[in-house]
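Quick notes on the structure that follows.
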Amino acid sequence: MSRASLDKQPHEVAAMFDGVAERYDLTNDVLALGQTRLWRRAVRQAVDAKPGQRVLDLAAGTGTSTQPFHAAGADTVSCDFSLGMLQVGKRRLPHLTFAAGDATRLPFRDGVFDAVTISFGLRNVQDTERALSEMLRVTKPGGRLVVCEFSRPTIAPLRTVYIEYLMKALPAVATKVSSNPDAYVYLAESIRAWPDQRELASVIGKAGWRRVAHRNLTGGIVALHRAYKED
Ligand SMILES: C[S@@+](CC[C@H](N)C(=O)[O-])C[C@H]1O[C@@H](n2cnc3c(N)ncnc32)[C@H](O)[C@@H]1O
């Protein structure tokens, strides 16, 4: 079964997610040791979707990350380029609107969303800056961006335990629960190679977003970045 390499060729990334789609949510919950719920709650609060607002959840996969915005009464679109993930999503969450699309060439007009958010997706996109510019393009003036992504633990002992032990154990644990344990080798590698909180904030700013801020979750294992499009 396929796994992407760190150059993140789009067809490899999409095929890898096609391969894990069926068991994706279960594996996620197990490997994140119950933290996913906490992270999703923080994203919901940061996005702060209001009834009637248009929210794009990019790299939405099976749509689990979109649910909180839909529950808040927003008009949501769950966009992803893995047809496997979208199919599982459509079957399990038929009330959501799914769209096939690549983050670097979004199939939406300019300025149509009040908020754009991406959870555990940006790290997988080959051209991060291009995706951030595309997100800016489809956001309304004054609209907001929320990025939820694995990051760098801020406390040295946690960082050591996390990088030296947990990341190395990940593929072995994944063998028990995932349909494609190799995908979790990629997960560990891609987390290690990903920019830390400050670097990512700077990349977001360079793409044209304003008032970029971030907060750490679970000691910086995950970070939320929030930014706005100029009015
Ligand atoms: C780890 S999953 C996250 C799914 C969901 N957001 C969540 O929080 O559970 C990452 C998703 O990013 C999607 N993805 C990666 N690169 C993409 C791209 N360039 N365009 C659209 N989707 C992409 C993958 O297909 C996959 O479904």
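Here are some notes:
- Taken as a whole, the stretch 166-180 holds no residue that is more than 28 Å from Glu12 (Cβ to Cβ) and of a type in the set (Lys, Arg).
- So Ser65, is it over 26 Å from Leu217 (Cα atoms), buried (at least 19 other Cβ atoms within 10 Å of the Cβ) and near the ligand (Cβ under 8 Å from one of its atoms): no
- Candidate set: the stretch 17-41, residues that are buried (at least 19 other Cβ atoms within 10 Å of the Cβ) and among the small types (Gly, Ala, Ser); chosen: the one farthest from Val112 (Cα to Cα): Gly19
- Scan of the stretch 68-100 for residues that are buried (at least 19 other Cβ atoms within 10 Å of the Cβ), assigned to a loop (DSSP other than H, G, I, E, B) and within 18 Å of the chain's Cα centre (by Cα), ordered by number: Phe81, Ser82, Leu96
- Lone qualifier among Leu132, Leu58, Leu93 - being at pLDDT 95 or above, near the ligand (Cβ under 9 Å from one of its atoms) and of a type in the set (A, V, I, L, M, F, W, C): Leu58
- Flag if Ala131 is surrounded by 15 or more Cβ atoms within 10 Å (Cβ to Cβ), of a type in the set (Gly, Ala, Ser), assigned to a helix (DSSP H, G or I) and more than 15 Å from the chain's Cα centre (by Cα): no
The values are calculated or read from the model by the stated rules, or taken from the named source; none is laboratory data. All values derive from a computational prediction rather than experimental measurement. Quick reminder, even Gly has a Cβ in these numbers, built from the backbone with ideal geometry, and neighbours come from all protein chains shown.
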